[in-house]
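The values are calculated or read from the model by the stated rules, or taken from the named source; none is laboratory data. The shown structure was predicted, so the numbers you read here are calculated from the model rather than taken from an experiment. Heads up, the Cβs are rebuilt from the backbone with ideal geometry, glycines too, and the neighbour counts pull from every protein chain shown. The area values use the complete protein model at the heavy-atom level, side chains included, leaving out ligands, DNA and RNA. Shrake-Rupley method; radii C 1.70, N 1.55, O 1.52, S 1.80 Å.
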Amino acid sequence: MITDKPVGVLDSGVGGISILRALVRYLPCENFVFYGDSANAPYGDRSEEEIHELTMNSTSVLLKKDCKAVVLACNTATAAAIKDLRQMYPDIPMIGLEPALKPAVLHKKNSRIIVMATSFTLKSQKYLDLRNRYVDQAEIISLPCPGIVPFVERQETYSPELLAYLHTEFDPYLDKKIDGIVLGCTHFPFVKRAIREVVGPDTILYDSADGVGRQVMRQLESHNLLNTSHVKGTVELLNSKGPEGVELCRKLLYQSI
Ligand code: DGL
């Protein structure tokens, strides 16, 4: 049955596991295949052509696994390729990500919000359109943080070096209260503790995981693709780096963040 087929989830590396964690919670009876392209991470400083091609390749890996839907658990890959993927595969729901700016803006009037993401995401038309929708309602600071992904890819989610890096990025903005920080890259939820330590306890951190969980549920429902089984689903982890990458995915899937 088509509903028994897995949902594919991809990322430039291990960051998409922060999304997979939510998907497993929202859709416990679905089977998932996760593909992390850690051998080519980070994507965020590459050209649009390169990110586009890598995303196409990662999607093919998942389609070869006969996935019934694909979640681009990567803001960068979404910005570069989701339009073309939807055109190429009109019968397969493709669910992408964008920084959770809306809930951050709606939470409080006239707030001061930092959107952290990769350089590519923040330059993309997709993000600029999103930002334009809310720019009159909040002070929105776009902050590229290219240095975080390599820390997460080597499982360094809290260290003096990471804290020092975060200080160089955030210190220029700490003179005034930051109401919210949007984690616009799926690697960033894994360094929440370090971010919180640098920005203080009063800033709200927003990520996309719950929003995507609900969105994937709705998409599967509307395409009649929800798995009707009542048995707990399976999770298969694949990584272009091989067993070392798979092992890190496994750790991040089960560690508390
Ligand atoms: N995890 C990806 C995202 O959400 C990007 C990380 C990278 O630069 O590869 O944008």
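Summing +1 for each Lys or Arg and -1 for each Asp or Glu, what net charge is found among the other residues whose Cβ lies under 12 Å from the Cβ of Gly233?
Here the charged neighbours net out to 0.
Given +1 on the Cβ of Lys and Arg, -1 on the Cβ of Asp and Glu, and no further charges, what dipole in debye does the chain carry about its Cα centre, rounded to the nearest 20?
720
Give me Rg/Rg_expected for the range 1-151, where Rg uses Cα atoms only and Rg_expected = 2.2 N^0.38 Å with N residues.
1.08
Taking the Cα centre of the range 128-257 as origin and charging only Cβ (+1 Lys, Arg; -1 Asp, Glu), how large is the dipole, in debye to the nearest 20?
For the range 128-257, the charge dipole is close to 420 debye.
Among 225-236, 162-173, 40-51, what's the highest-first ranking by average C-beta atoms within 10 angstrom per residue?
40-51, 162-173, 225-236
Would you check the range 151-257 for Lys pairs whose C-alpha atoms are within less than 24 Å, ignoring same-chain pairs closer than 8 in sequence, and give me the count?
5
Per residue, how many Å² of accessible area does the range 77-117 show with a 1.4 Å probe?
48
For every other residue with a beta carbon closer than 12 angstrom to the beta carbon of Arg214, add +1 if it is Lys or Arg and -1 if Asp or Glu, then tell me the sum.
Every neighbour counted, the sum reads 0.
Take the solvent-accessible surface of the protein heavy atoms, probe 1.4 Å, and return the percent of it on the chain that carbon and sulfur atoms account for.
It is 52 percent, rounded to a whole number.
Using the alpha carbon gyration tensor of the chain, what are the three equivalent-ellipsoid semi-axes (square root of 5 times each eigenvalue), largest first, in whole Å?
29, 20, 18
Compactness ratio of the range 178-241: Cα Rg over 2.2 N^0.38 Å, N = residue count?
Working it through for the range 178-241, the quotient is 1.56.
Rule-of-thumb check for the range 93-208: C-alpha Rg over 2.2 N^0.38 Å?
Normalised Cα radius of gyration, the range 93-208: 1.02.
Over what distance in Å are the Cα centres of the range 147-169 and the range 1-69 separated?
Centre-to-centre distance over Cα atoms comes out at 24 Å.
Normalised by the residues of the range 148-212, what does the relative contact order come to in percent, with Cα pairs under 8 Å and at least six apart?
Relative contact order for the range 148-212 comes out at 40 percent.
Work through the residues other than Asn132 whose Cβ is under 15 Å from its Cβ and net out their charges, Lys, Arg +1 and Asp, Glu -1.
With Lys, Arg at +1 and Asp, Glu at -1, the net is +1.
Please grab the % of Cα pairs in the range 69-142 that end up more than 20 Å from each other.
Result: 36 percent of Cα pairs exceed 20 Å.
Based solely on its DSSP helices, what 222 nm [θ] is calculated for the chain when runs of n ≥ 4 H residues each add -39,500 (n - 2.57) and the sum is averaged over all residues, nearest 500 deg cm²/dmol?
-13000 deg cm²/dmol
Packing-wise, with mean Cβ within 10 Å as the measure, how do 188-198, 128-138 rank, highest first?
188-198, 128-138
If you place +1 on the Cβ of every Lys and Arg, -1 on the Cβ of every Asp and Glu, and leave all else neutral, what size is the dipole of the range 1-139 about its Cα centre, to the nearest 20 Debye?
The dipole of the range 1-139 has a size of about 580 debye.
Once you've got the GNM for the chain with C-alpha springs shorter than 10 Å, pick whichever of Gln87, Gln219, Gln155 has the biggest mean-square fluctuation.
Top of the fluctuation ranking is Gln87.
Show the residues, 5+ positions off or on another chain, whose built amide H is closer than 5 Å to the amide H of Val115.
Amide H neighbours of Val115, under 5 Å, 5+ apart: Ile141, Ser142, Leu143, Val182.
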